[in-house]
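What follows is one structure encoded as structure tokens, with my remarks underneath.
The values are calculated or read from the model by the stated rules, or taken from the named source; none is laboratory data. These numbers were taken from a predicted model, which means no experiment stands behind them. Virtual Cβ from ideal backbone geometry, glycine too; neighbours counted across all protein chains shown. Note: accessible area is taken over every heavy atom of the protein model, side chains too, but ligands, DNA and RNA are not part of it. Shrake-Rupley method; radii C 1.70, N 1.55, O 1.52, S 1.80 Å.
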Amino acid sequence: MKNAGFARIAVAMQCFVLAGVIAAFGISLPATNSNRNGRDRTDTGKIEELKVTIKEWAVPTKGAHPHDPAVGADGALWFTEQMANKIGRLDPKTGEFKEYPLKVTNSGPHGLVEDAQGNIWFTANFAGYVGKLDPRTGEVREYKMPAEKADDPHSLIFDGNGILWFTLQGANMVGRLDPKSGKIELKDVPTERALPYGIQRNSKGVPFFCELGTQDWQHRS
């Protein structure tokens, strides 16, 4: 799914990241059960080929390694360009890209999320900070970790009170950042080498995260 050295973006209803490709697709099929070959088995036992439509866009910067897409309130697709040290934005309606370079060299942006004001918050995986991009001005603010061992910020999510929670995979920690004060608090994960990875919140705003190294779930309040 690569072309002429460009990383590519594909769009539709759901998103995933695989081998440098951001993809999304819409599916319209009867109730099915997937098998190991990537096909779908209907309730009647009949195997049907997956019917999807995929559209792709070449990211302007070669070797960008597009990562962790997120849809903004205006319908734009935001993504990190981990190896190009940029945050990217795609307008799916026009195909227009806009790229925002980061001030800190080799930040390694990974996950991102939009806040209620339209700012884009991201984890700087390589440089060890959480960043906030104002798309209106292009200004980026960096929030450094308060502890030297707090490296590898990974995934992030806002809770119901507007507090930003994030995982620190290499440091085996979770953290939270108050956007109003800029204060960051960190907490060690109880299990050693748990590798906290993806993070989401439930309907009550409570954050849950995966422990990649243990195959367990944890929640923090």
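Observations on the model:
- Of Asp151, Asp68, Asp74, the residue with the largest accessible area leads and the full order is Asp74, Asp151, Asp68 (1.4 Å probe).
- Segment 131-138 - phi-based ³J(HN,Hα) in whole Hz, Karplus 6.51/-1.76/1.60, Gly and Pro as x: x, 10, 9, 9, x, 6, 10, x
- The amide H of Leu212, built 1.01 Å from its N in the peptide plane, has Tyr197 as neighbours under 5 Å, considering only residues 5 or more places off or on other chains.
- Percent of alpha-carbon pairs separated by more than 21 Å within segment 107-221: 30
- Solvent-accessible ranking of Glu185, Glu96, Glu148, largest area first, probe 1.4 Å: Glu148, Glu96, Glu185
- Here the 3J(HN,Hα) profile of segment 112-121, calculated from phi with Karplus coefficients 6.51, -1.76 and 1.60 at θ = phi - 60°, is 8, 7, 9, 8, 5, 8, x, 6, 10, 9 Hz, Gly and Pro shown as x.
- Solvent-accessible area of Tyr197 with every protein chain in place, 1.4 Å probe, in Å² to the nearest 10: 90
- Phi-based couplings in Hz for segment 94-104 (Karplus 6.51, -1.76, 1.60; Gly and Pro marked x): 9, x, 7, 9, 9, 10, 10, x, 9, 6, 7
- Exposure of Lys183 as accessible area (Å², to 10), given a probe of 1.4 Å and all protein chains: 120
- At most 11 other Cβ within 10 Å, DSSP loop - GluC sites (Glu not before Pro), segment 49-87: Glu49
- Listed residues Met145, Met83 arranged by accessible area, highest first, probe 1.4 Å: Met83, Met145
- Pairs from the table (Lys98/Lys187; Lys55/Lys204; Lys183/Lys204; Lys103/Lys204) lying more than 25 angstrom apart at Cα are Lys98/Lys187; Lys55/Lys204; Lys103/Lys204.
- Hull volume per residue, based on the alpha-carbon atoms of segment 174-214 and their convex hull, is 82 Å³.
- In this structure, the amide hydrogen of Ser155, modeled 1.01 Å from its nitrogen in the peptide plane, lies closer than 5 angstrom to those of Thr167, counting only residues at least 5 positions away or on a different chain.
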